[in-house]
Amino acid sequence: MKVGLFIPCYIDQFYPNVGIATLELLEKLGCDVAFPLNQTCCGQPMANSGYSNLTKGCDANFVSNFSEFDYIVAPSGSCVLHIKEHLKDTDHPEKAIQIRKRIFELCEFLTDILKIDSLPASFPHRVGLHASCHGQRGLHLSSMSEQNEPSFSKPGHLLSMVKGLDLVQAERPDECCGFGGTFCVFEEAVSVKMGKDRIEEHAQNLVEYITGGDTSCLMHLEGILKRQQSPIRIIHIAEILNSSISN
């Protein structure tokens, strides 16, 4: 299968290793991956701030870059959800519709499309998992505690395949970290307090790392951890799933 790799802005600018890990992981699993060089922002920041009329250029560029792939994969639940729900192109409406059906968040792609049941990965550390809101409630990557349904977690299932990893379940597994895109700018104090609450629970669980599928949320938590001079480190789930078995 031909896979188009979509790398969102935060990853491209601040965490390129996450993009590299995603590429290497998909190739290890037999995917033919290409990275369109002309890709840019998906338009989510503008749309979330009430300026969806300004995303037309982003939409057209996305369609131009990704319409020929069997699947599009990104290590970011929030950006994937934005494309799934909002991508449109008046010049090529059918292409936009097909892309919305073919784009997947990384963990979603590994579990639902590739249906992997093993990984050649090793990460011998105590890890806490942060379930980002867009991935959980929009893409249904994991169950929601307020609903009466069987518990599941696609990221958790993948992490269970990693040799040596000790995954510690949070008592409040689906609580928001407070990032919320532009929310962390306009409501800074509330955003930071929510982030501190999430970190406190993970710290009580004595984790060495906090992982998740949205770099934006992880970046928010990392900023708080650094200011607290905490020994807890942040790592994207792609980096764990791509970790060497020799570790």
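The values are calculated or read from the model by the stated rules, or taken from the named source; none is laboratory data. The model shown is predicted, which means the values in this text are computed figures rather than measured ones. Note: ideal-geometry Cβ built from the backbone for every residue, glycine included; neighbour counts use all protein chains shown. Side chains are part of the model used for accessible areas, which takes the heavy atoms of the whole protein and leaves out ligands, DNA and RNA. Shrake-Rupley method; radii C 1.70, N 1.55, O 1.52, S 1.80 Å.
Before moving on, here are some points about what is shown:
- When you restrict to C-alpha pairs under 8 Å that are six or more residues apart and normalise by the size of the range 1-79, the relative contact order lands at 45 percent.
- Rounded to the nearest 20 debye, the dipole size of the chain about its Cα centre is 160 debye, using +1 on the Cβ of Lys and Arg and -1 on the Cβ of Asp and Glu.
- Counting only protein heavy atoms and a 1.4 Å probe, the range 153-247 has 49 square angstrom of accessible area per residue.
- Over 32 Å between alpha carbons, listed pairs 88/226; 163/193; 95/154; 56/226; 154/196; 2/163: 88/226; 163/193; 56/226
- Looking at the range 11-122, the accessible area is 49 square angstrom per residue; that uses a 1.4 Å probe and ignores ligands, DNA and RNA.
- Charge tally in the Cβ shell below 11 Å around residue 76, where Lys, Arg are +1 and Asp, Glu are -1, residue 76 excluded: -3
- Where only DSSP H runs of four or more residues are counted, the chain gives -11500 deg cm²/dmol as its mean residue ellipticity at 222 nm, each run worth -39500 (n - 2.57).
- Pairwise centroid distance, computed over Cα atoms, of the range 16-60 with the range 155-211, Å: 23
- Mean separation of Cα contacts under 8 Å (6+ apart) over length of the range 135-247, as relative contact order %: 21
- Here's how it looks for residue 236: its modeled amide H is under 5 Å from none belonging to a residue 5 or more places away or on a different chain.
- The range 92-174: C-alpha gyration tensor shape, a/c 1.5 cut-off, then a/b vs b/c: oblate
- Net charge of neighbours whose Cβ lies under 11 Å from the Cβ of residue 131, counting Lys and Arg as +1 and Asp and Glu as -1: +1
- Diffusion of the range 53-127 by Stokes-Einstein, at 37 °C in a medium of 0.692 mPa s and with Rh set to the Kirkwood radius over alpha-carbon pairs, works out to 238 µm²/s.
- The chain - percent of accessible surface contributed by carbon and sulfur, probe 1.4 Å: 52
- Using C-alpha pairs under 8 Å with a sequence gap of at least 6, the mean separation divided by the residue count of the chain gives a relative contact order of 21 percent.
- Other residues whose C-beta falls under 12 angstrom from the C-beta of residue 18 contribute a net charge of -4, scoring Lys and Arg +1 and Asp and Glu -1.
- The amide H of residue 104, built 1.01 Å from its N in the peptide plane, has 72, 73, 74 as neighbours under 5 Å, considering only residues 5 or more places off or on other chains.
- Angle of helix 16-28 to the longest C-alpha principal axis of the chain, folded into 0 to 90 degrees and rounded to 10: 80°.
- Net dipole in debye of the range 1-97 [+1 Lys, Arg Cβ; -1 Asp, Glu Cβ; about Cα centre; nearest 20]: 180
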